[in-house]
Amino acid sequence: MKTLIIKYIPRALLLVLLYIALACTGGRQVYAKSDGTTSSDMEEKLDSLAAQPKVERLNPGAMCYDTVAQNDTENFICLKCKKATKYPLGTYNQIITLRKQLNAMKGINVKVIDNGFCEHCNNGKPTMKFVLYVYYPDKKKPVRSEIDMSEAEILIQYMEGKRVFKGETGNEIDMKDFLPLLRRVLVGK
Ligand SMILES: [Zn+2]
C-alpha cells in the first residue's frame, strides 16, 4: 500500500500541474474564440482599403423616396432591464434586424449591447445607438464603440466584403469614405 501511494503521487502531481496549465491557456483563449482575426490583421485590411483607388461611377440613387407613415407600433424589449419601449413598426424591425446582423458578422468576435434603444435605461431619452465590443486574440481589452443605425448598416456591409455601400434608395457610396468610422469601430483608432 505504501509503495503504491509513493508510486502514484508523482503522477497525480503531474496531472494537477497539467490541469493548471490547461486551465491557464484556456483562460487566455477567451479572446480567441473567433476565427483568429487579430487587430493587426484588421488594421492591414483597412490600410489596404485606404490604398485602393476610389470607385468611380457610383449610383446616386432615386431622388424621391417616400416614407410610408406607420401607425403600428411594436414593443422593443430591453435585454438588460426587460422593460418595453414602443417604436413604430418600421423602426422596431430595423433595430431587431440590425442587432441580428451585427451579431452574425463573420470574421470578428463581437458583443452587441442594445439598451441604447431602451427609454428606461436612458432616462426617457434613448441614445438610439448600439454599443459594440470587438474582441481580438492579440488584444486584452475589446474595442468599444457606439454606433447609430446607419453606421451599423455601413459596418455590416463592410464586413460582408462590400467595396461599395448601398443605401436604402439604391444610392452607392465608396467604402473608403467610411474609413474613419470603420477604424474607430474595428480597431479603436
Ligand atoms: Zn432597459
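Throughout, read-outs are computed from the coordinates displayed, never taken from laboratory work. Please read these numbers as outputs of a predicted model, since none were measured by experiment. Cβ: placed from backbone, ideal geometry, glycine included. Neighbour counts: every protein chain shown.
Brief remarks follow.
- Listed residue pairs exceeding 24 Å between alpha carbons, taken from 54/162; 125/162; 141/162: 125/162; 141/162
- Taking a ≥ b ≥ c as the square roots of the eigenvalues of the Cα gyration tensor, the range 103-189 is oblate, since a/c reaches 1.5 or more and a/b is not larger than b/c.
- Amide H partners (placed H, <5 Å) of residue 73, local residues excluded: 89
- Anisotropy class of the range 33-186 from Cα gyration tensor, a/c 1.5 cut: oblate
- Listed from fewest to most Cβ neighbours within 10 Å, the set 174, 148 follows the order 148, 174.
- Note on residue 79 and residue 58: the model spin-label points, each 7 Å out from Cα along the C-beta direction, lie 3.1 nm apart.
- Calculated FRET efficiency for the pair residue 103/residue 162, C-beta based, R₀ 22 Å, to 0.05: 0.75
- When only the Cβ of Lys, Arg, Asp and Glu is charged (+1, +1, -1, -1), the dipole of the range 54-171 relative to its Cα centre reaches about 640 debye.
- Nearest-0.05 FRET efficiency for residue 179 and residue 94, computed from C-beta distance (R0 25 Å): 0.50
- Amide H contacts of residue 107 (H built 1.01 Å from N, under 5 Å, at least 5 apart or other chain): 35
- In order along the range 38-47, the Karplus-derived 3J(HN,Hα) couplings, from 6.51 cos²θ - 1.76 cosθ + 1.60 at θ = phi - 60°, round to 9, 5, 6, 4, 5, 4, 4, 4, 6, 5 Hz, and Gly and Pro are given as x.
- Exposure proxy ranking for 168, 153, based on other Cβ atoms within 10 angstrom of each Cβ and starting from the fewest, stands as 168, 153.
- Per-residue Cβ neighbour rank within 10 angstrom, fewest leading, 98, 58: 58, 98
- Bridgeable aspartates and glutamates around residue 129 (alpha carbons under 15 Å apart, same-chain partners fewer than 8 residues away excluded): 114, 119, 146, 148, 151, 153.
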